[in-house]
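The values are calculated or read from the model by the stated rules, or taken from the named source; none is laboratory data. The structure displayed is predicted, hence computed values, not measured ones. Every residue, glycine among them, receives a Cβ derived from its backbone with ideal geometry; neighbour counts consider all protein chains shown.
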Ligand code: HEM
């Protein structure tokens, strides 16, 4: 299949699923930002979304695009490694001048996914998983009352400066990944003229920065001594 066999097909899958990732992040970051203003409003939005099948399906679709992006990145790197064999890359001087982020997308992606596992254990397993397992009638150790109190978990983890610092490290890696990823996806999806290239790089930097500021404001807020 050309989507898998050709290099443009592979870039297309990474780009389209990358768009899912960015949409998910805009949605997730905006919602999380609300917690700094009102814990009740934050929990109310989460409850509203949980009660609406279209919001739930939308979030899940975005999260699935996200997972496909990660699995596909690992598959592509494996394929590239196999194609290069034992010799590896012969790096030329022109390749050395390629942006650092562009050459380290997989490394940055692995860091992002590593922290994501921590994040899902901290939040998803205490909230959505507890609700789901209760609905399915499974034995669960989680507290159902706390499963709908996202603000409680935000406070619980970010009051610990170690977690706040870890989240900042995570978000800086994600920012680097996004600054390259967004313009690269836009280029693959069609905007590659000489006039537009510098413009999409600016758009990419601005969008990545806004997304990361939404998230990073939370650990920074706690580190500065404020509380929700
Ligand atoms: C300060 C930063 C963040 C906070 C406070 C936060 C908060 C949360 C909370 C409360 C949940 C559980 C929702 C539920 O189960 O009902 C969650 C789930 C999730 N988060 Fe985050 N998050 C943050 C950053 C991120 C980042 C940077 C990513 C991606 C790179 C991310 C990806 C996810 C995913 C994939 C889920 C599971 C899917 C879902 O339940 O919608 N989160 N997050």
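Restricting to the range 15-34, name every residue that is more than 8 Å from the ligand (Cβ to nearest atom) and under 16 Å from residue 72 (Cβ atoms).
15, 16, 17, 18, 19, 20, 22
Is it true that residue 178 is at pLDDT below 95, near the ligand (Cβ under 10 Å from one of its atoms) and within 30 Å of residue 103 (Cα to Cα)?
Yes: the conditions hold for residue 178.
Only residues that are surrounded by fewer than 21 Cβ atoms within 10 Å (Cβ to Cβ) and either more than 15 Å from the ligand (Cβ to nearest atom) or on the phi > 0 side of the Ramachandran plot (or both): list them for the range 201-221, please.
201, 202, 203, 205, 206
Taking into account only those residues within the range 35-61 that are within 8 Å of the ligand (Cβ to nearest atom) and in contact (Cβ under 8 Å) with a residue 40 or more places away in the chain, which is nearest to residue 215 (Cα to Cα)?
The extreme case among them is 35.
Within the range 189-197, can one find any residue that is farther than 20 Å from residue 39 by Cα, in contact with a helix residue (DSSP H, G or I) (Cβ under 6 Å, 6 or more places away or on another chain) and outside any loop (DSSP other than H, G, I, E, B)?
no
Take residues that are at pLDDT 80 or above and surrounded by 13 or more Cβ atoms within 10 Å (Cβ to Cβ) and tell me which of the helices (runs of 4 or more DSSP H) falling wholly in the range 56-147 contain 1 or more.
105-119, 128-135
If we scan the range 155-169, do we find a residue that is in a loop (DSSP other than H, G, I, E, B), within 13 Å of the ligand (Cβ to nearest atom), under 22 Å from the mean Cα position of the chain (by Cα) and surrounded by 15 or more Cβ atoms within 10 Å (Cβ to Cβ)?
No, the range 155-169 has no match at all.
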